[in-house]
Amino acid sequence: MLATVTEESTETDAAKMITAPEAMGDDLSARPDENVDSLIPPFPDETREITIGNLQIPTRYFLAPLAGYTHLAFRQVIRERGGLGLATTDLVQAVHIVHKHRKSYELIATNDVDRPLSVQIYGSKLDEMSKAAKVLQDQGYSAIDINMGCPMAKIVGTGGGARLACDANVAKKLVGTILESVSIPVTVKMRLGWDRENMTAPYLAREFEKLGVAAITIHGRTRAQGFSGRTDLFGIKSVVDAVEKIPVVGNGDVRTVADAFRMRRITGCDAVAVGRGAMLDPWLYFRIQRAYQGLTGPWDPPAEEQIEFLRRHFYLMLEQHGAERSCVEFRKFGIWYGARLGIPEDLEKRMQNFWSVEEFEANIAELRVRHGTRKNPIPTADIKVPNGPISHW
Ligand SMILES: Cc1cc2nc3c(=O)[nH]c(=O)nc-3n(C[C@H](O)[C@H](O)[C@H](O)COP(=O)(O)O)c2cc1C
């Protein structure tokens, strides 16, 4: 399969695509002698807020969609701490929005605190995608995000996800149709291209801008890369350079305040979307806001705050899903919170296997006294990227 940006593309368009493997970028890993002060915004002429289409977003640091994780409770608990700009829901299938599929509606459930919120949709059928966009607009969502970065076999197989980004005409038609059906901002999330030889994102970003897309989120890897290697900051920069004025949101491998600022400095992107980094450190947005206030020294939430945060996350889940399901679904979060708090192995096991609110509270009581017992806690809680056919998100 390979990409074809197109019967329509001109030489100039083609020149906008980066093809050289040498363009592989700078990486975001921590530098021992790094001083966050040297990276810190404000960047020239920058406001703290950002406008996407007609939408005012309070900060430039966003939550990237993470299927299975970025549900209402998680979004809300982060928002309550402060610093998060735009959040996007897990990916939902357009046809399921149209037909009121219960599970998809659970994924996009929201409330007044959870604003602004964009719903990410996928699908390849024009009528389904535009109907879904309309339904979402009528229900008051702030924006629609079109998934063009998802290479899951079942999604690619139907012509949606990353495959869309391989056929520019099909992609443009789809985007154009959705744009015609709604007036709220429509954005597109994609990877750099199918592989290093087919880096279609700069070309597509500019074409989508011409159609009226309000912003592009770009994960700085190719589809072929899956999650391997590093985010290519120069690849992201090539998308920033390709568009005329719409905001570009950089994405990939941001774990720290310095990572976020470095991505913005090197790529010139207007905003940053954080995915896995928000799981490992849900305080990241708050840290970034502290940095904006000039507070760049080391800071960690006190253990008691971390514990209250994890309880709040759990109780918000309870409100939406009830005890049985929340106990099961919270376990994967418990691992990260537990790892961050340095809890001993036996307690970690219990955090992964509790069945009632009473058990949860008993674990919390223990956690209050036994945190900090484990050294080097974080490596045990690496975020799993999807395996098998979905390893290429
Ligand atoms: C578990 C998991 C689920 C994901 N789900 C989605 C999704 O629903 N839609 C999407 O566009 N990207 C999805 N992604 C990709 C992320 O949004 C993001 O582009 C990628 O993880 C790189 O950013 P990060 O290093 O900040 O996580 C997912 C990634 C992971 C690890």
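The values are calculated or read from the model by the stated rules, or taken from the named source; none is laboratory data. Remember, predicted model here, so these are calculated numbers, not experimental data. Backbone-built Cβ (ideal geometry, glycine too); neighbour counts: all protein chains shown.
Data overview
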| quantity | calculated |
| --- | --- |
| Filter result for G53 (on the phi > 0 side of the Ramachandran plot and modelled with pLDDT of 95 or more) | yes |
| Every residue from region 291-310 that is assigned to a helix (DSSP H, G or I) and in contact (Cβ under 8 Å) with a residue 12 or more places away in the chain | A291, Y292, A303, E304, Q306, I307, F309, L310 |
| Number of the condition not met by Q306 [criteria: (1) more than 11 Å from the ligand (Cβ to nearest atom); (2) under 19 Å from R221 (Cα atoms); (3) in contact with a helix residue (DSSP H, G or I) (Cβ under 8 Å, 6 or more places away or on another chain)] | (2) |
| Residues that are out of contact with any Ser or Thr (no Cβ under 8 Å at 6 or more places or on another chain), at pLDDT 95 or above and within 16 Å of the ligand (Cβ to nearest atom), drawn from region 77-93 | I78 |
| Criterion (within 21 Å of the chain's Cα centre (by Cα), closer than 26 Å to G193 by Cα and crowded, with 24+ Cβ neighbours inside 10 Å) met by exactly one of I144, I97 | I144 |
| The lone exception for Q225 - which of (1) surrounded by 24 or more Cβ atoms within 10 Å (Cβ to Cβ); (2) within 21 Å of the chain's Cα centre (by Cα) it fails | (1) |
| In region 49-76, the residues that are within 13 Å of the ligand (Cβ to nearest atom) and more than 20 Å from G140 (Cβ to Cβ) | Y61, A64, L66, A67, G68, Y69, F74 |
| Count of residues meeting criterion [free of Cβ contacts under 8 Å to residues at least 12 places away in the same chain and in a helix (DSSP H, G or I)] in region 97-126 | 3 |
| Verdict on R325 being without any contact (Cβ under 8 Å) to a residue 40 or more places away in the chain and within 29 Å of K189 (Cβ to Cβ) | yes |
| Test: residue in region 249-258 that is at pLDDT 95 or above, under 25 Å from K103 (Cα atoms) and among the hydrophobic types (A, V, I, L, M, F, W, C) | no |
| Condition met for F62 (of a type in the set (F, W, Y), surrounded by fewer than 21 Cβ atoms within 10 Å (Cβ to Cβ) and either modelled with pLDDT under 50 or on the phi < 0 side of the Ramachandran plot (or both)) | no |
| A271 vs. criteria modelled with pLDDT of 95 or more, crowded, with 22+ Cβ neighbours inside 10 Å, more than 18 Å from Q76 (Cβ to Cβ) and assigned by TED's automatic domain parsing to the domain that holds L66 | yes |
